[in-house]
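The values are calculated or read from the model by the stated rules, or taken from the named source; none is laboratory data. Quantities reported herein were computed from a predicted structural model and do not represent experimental measurements. As a convention, Cβ positions derive from the backbone with ideal geometry for all residues, glycine included, and neighbour counts pool all protein chains shown. Calculation scope for accessible area: heavy atoms of the full protein, side chains included, ligands and nucleic acids excluded. Shrake-Rupley method; radii C 1.70, N 1.55, O 1.52, S 1.80 Å.
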Amino acid sequence: MHRHVEEIFALVTRRNPGEPEFLQAVEEVFGSLDPVVERHPWIFTSGVIERLAEPERQILFRVPWVDDSGTVQVNRGFRVEYNSALGPYKGGLRFHPSVNLGIIKFLGFEQIFKNSLTGLGIGGGKGGSDFDPRGRSEGEVMRFCQSFMTELYRHIGPSTDVPAGDIGVGGREIGFLFGQYRRIVGRHETGVLTGKGLDWGGSLARKEATGYGAVFFAREQLRRLGLTFEGRRVTISGSGNVAIYAAEKVFQLGGFVQAVSDSSGYVVDDDGIDLALLRQVKEVERGRLASYASRRASARLVTGGSIWDLPASVALPCATQNELSGSAAASLIGSGLRVVAEGANMPCTPEAVAAFLEAGVSFAPGKAANAGGVATSALEMQQNASRSCWTFAQTEARLEEIMVGIHDQCLATAEEYGSPGNYIVGANIAGLLKVARAMAEQGIV
Ligand code: NDP
Ligand code: 2IT
């Protein structure tokens, strides 16, 4: 790390105790900056790095609600409005018991560069709550969402800050959140949230976009190696929104998805994952993978160990941060792994990433590979602003074009800055330069 960047990182470390994920994300980006700051000294003089180390605004609030037994529950709500140099803050909401300020800051920080890479004029933000939707009734989830929005509404808007889904927040939650927003402000302002229902402002292909986009990206990585998905053995962790649609696209491209996971374990299916059954268990019943395994003779549930113990040619980690460790990476490399594309945000630990790079595995970081979700959110905002509605094919074609564009931009930038083939360097530098230019041109704000 350049000495000046190192000093700023030391300050970030002192200022943000107890936020290891945030520091991990910052260190990864700062670690790519040496060739940039040497070539663009104006980045220092305009204080871009110092300013990127600090979110523009961090909102914390109480979310009181009443559960089905009449007991008062209190959760914590967050919205980190990290950087708006390129457009309104844009990024998802995560409802998971592990959520804290450091997690939301890491996700908001990553979102700045990801959104920049899409080229679509969106700033970076993230939010959520430590609310655990698991085991909660529909009524409880609705009351929680309404209480959450009763505070959040004053901070968001189509030109201010536009939340969407993330872990634990899907179409159902976006519906409850939008309903409460509309009731409070008294306007049908579709552009305030993305991932909406298709009858009231949602975009076709938004639900599929993150998973499809990650697989389009992996297809480009394979293509660069002279390979395709045809007949290739693929492991996908998670079994939520990103994982399900990543699996669908892998099958469409002729690949073989052998396993998916959730927090209870993983299923290996000798006949390949049955998507219709997976969607029934996960999207309709909101159940566990044991239920998938019990209904399919070719499948077994594994509750010990890790899904990454399985030999695979392509790995798509689509569950959560730091789920793929250095030792998991070593075992995957030993079994002939060629490509990793992060569908989740920061799922590979720094040790795993180092092992992939060392072994010459093609590795794509989340801020590039999973940008299809937020990119399609921006397409949803475009449709809302023009009161139009694109077809599935039109939207998917735009998504594919954007993902191929990000892939090529990462490679070209990596090459230009002396690290050919390194998607991390390419994504960090290409993402940063656009934001940095905007921040410099707009003055010290
Ligand atoms: P979902 O809530 O739909 O699914 C999450 C999946 O990951 C579930 O299978 C869940 O298992 C598993 N999971 C979550 N947390 C843990 C944990 N701590 N340990 C083990 N398994 C876990 O979320 P998404 O699919 O939307 O998000 C997955 C990842 O993709 C996240 O990193 C998210 O930030 C990222 N992402 C999402 C985008 C989107 O558009 N939705 C866009 C870009 C990135 P269980 O149900 O058992 O908890
Ligand atoms: O991490 C992400 O990019 C998302 N959860 C999607 C954000 C969005 O605004 O669509």
inquiry  = Looking at the chain as a GNM with Cα springs under 10 Å, which of Ala414, Ala375, Ala341 has the largest mean-square fluctuation?
reply    = Ala414
note = the stretch 127-151 and the stretch 244-297 have their Cα centres apart by a whole-number Å value of 27
Highest-MSF residue in the chain out of Thr71, Thr235, Thr160 [GNM, Cα springs under 10 Å] = Thr71
inquiry  = What are the ³J(HN,Hα) couplings of the stretch 274-279, residue after residue, when phi is run through the Karplus curve with 6.51, -1.76, 1.60 and θ = phi - 60°? Round to Hz, x for glycine and proline.
reply    = 8, 5, 5, 5, 4, 5
request  = With a point put 7 Å past each Cα toward its Cβ, work out how far Arg224 is from Glu27 in nm, to one decimal.
outcome  = 2.5
ask   = With +1 on each Lys and Arg Cβ and -1 on each Asp and Glu Cβ, how big is the dipole of the stretch 286-445 about its Cα centre, in debye rounded to the nearest 20?
value = 740
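Below 8 Å, C-alpha to C-alpha, sequence gap of six or more: please give me the relative contact order for the stretch 88-128 in percent.
Here the relative contact order equals 59 percent.
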inquiry  = Per residue of the stretch 50-63, what does 6.51 cos²θ - 1.76 cosθ + 1.60 with θ = phi - 60° give for ³J(HN,Hα)? Whole Hz please, x for Gly and Pro, Karplus curve as stated.
reply    = 4, 6, 5, 6, 10, x, 4, 7, 10, 10, 10, 8, 7, 10
ask   = Of the cross-linked pairs Lys207/Lys367; Lys90/Lys282; Lys90/Lys196, which ones have a Cα-Cα span greater than 24 Å in the structure shown?
value = Lys90/Lys282
note = Which of Gly431, Gly124, Gly171 fluctuates most in a GNM of the chain (C-alpha springs under 10 Å)? That residue is Gly171
task = Return the loop-located GluC sites (Glu not before Pro) in the stretch 202-273 (DSSP other than H, G, I, E, B) with at most 16 other Cβ atoms within 10 Å of their own Cβ; answer none if there are none.
result = Glu230
message = Would you calculate the convex hull of the Cα atoms in the stretch 327-445 and tell me its volume per residue in Å³?
response = 141
task = Please report, as a whole percent, how much of the solvent-accessible surface of the stretch 347-407 comes from carbon and sulfur atoms (probe radius 1.4 Å).
result = 57
task = Can you check what the Kirkwood hydrodynamic radius comes to for the stretch 119-251, Cα pairs only, in Å to one decimal?
result = 16.8
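In what sequence, highest mean first, do 359-369, 262-272 appear when ranked by Cβ atoms within 10 angstrom?
359-369, 262-272
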query = Can you list, bin by bin at 20 Å, the percent of alpha carbon pairs in the chain, starting at 0?
reply = 27, 60, 13, 0
query = Do you know the relative contact order of the stretch 61-155, to the nearest whole percent, from alpha carbon pairs under 8 angstrom that are 6+ apart?
reply = 35
key: Order of exposure, largest accessible area first, which applies to Asp166, Asp67 with probe 1.4 Å   = Asp166, Asp67
task = Note down the relative contact order for the chain as a percent, whole number, built from C-alpha pairs under 8 angstrom at least six residues apart.
result = 15
key: Accessible solvent surface per residue of the chain, calculated while the other protein chains remain in place, 1.4 angstrom probe, Å²   = 38
Relative packing of 48-58, 179-189, which averages over residues the other C-beta atoms within 10 Å, highest first = 48-58, 179-189
